[in-house]
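To start, the structure itself, in structure tokens.
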Amino acid sequence: MWILGFVVWRAWLFAKYGVPAALVLWLIYLAQGWSVLFWIVAAVIGCVGLGMALAVSEFRAREFGDLGRERIR
């Protein structure tokens, strides 16, 4: 049950921060197109998203270990 809760929490985190980030990029694109501002904001949002994904995956590894990743011999 804890694993299911973690999956839902992780999906909620990505939706909570991903949807507003995508909307900001979309608004910048509508206002200025493929400008330098768009690419700078996209790079910053991408780095923040990558950092969040790495932190959440590290948290998952600490909590559950290699659950589901070990091979059956």
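The values are calculated or read from the model by the stated rules, or taken from the named source; none is laboratory data. The model shown is predicted, which means the values in this text are computed figures rather than measured ones. Positions of Cβ are backbone-derived with ideal geometry, glycine not excepted, and every protein chain shown enters the neighbour counts. Heads up: the accessible areas ignore ligands, DNA and RNA and are worked out on the full protein's heavy atoms, side chains in. Shrake-Rupley method; radii C 1.70, N 1.55, O 1.52, S 1.80 Å.
Below is a table of values for the structure above.
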item: Inter-label distance for Trp12 and Met52, nm, one decimal - labels placed 7 Å from Cα along Cα-to-Cβ; result: 1.4 nm
item: Sulfur and carbon atoms: percent of accessible area, the chain [1.4 Å]; result: 71 percent
item: Segment Leu27-Ile3, extension gain: residue separation times 0.36 nm, minus the distance between their alpha carbons; result: 5.0 nm
item: Residues of the chain: accessible area per residue with a 1.4 Å probe, Å²; result: 82 Å²
item: Reciprocal of mean inverse Cα separation for region 1-50 (Kirkwood radius, Å); result: 12.1 Å
item: Residue-averaged 222 nm ellipticity for the chain, from DSSP H runs of 4+ at -39500 (n - 2.57), nearest 500; result: -29500 deg cm²/dmol
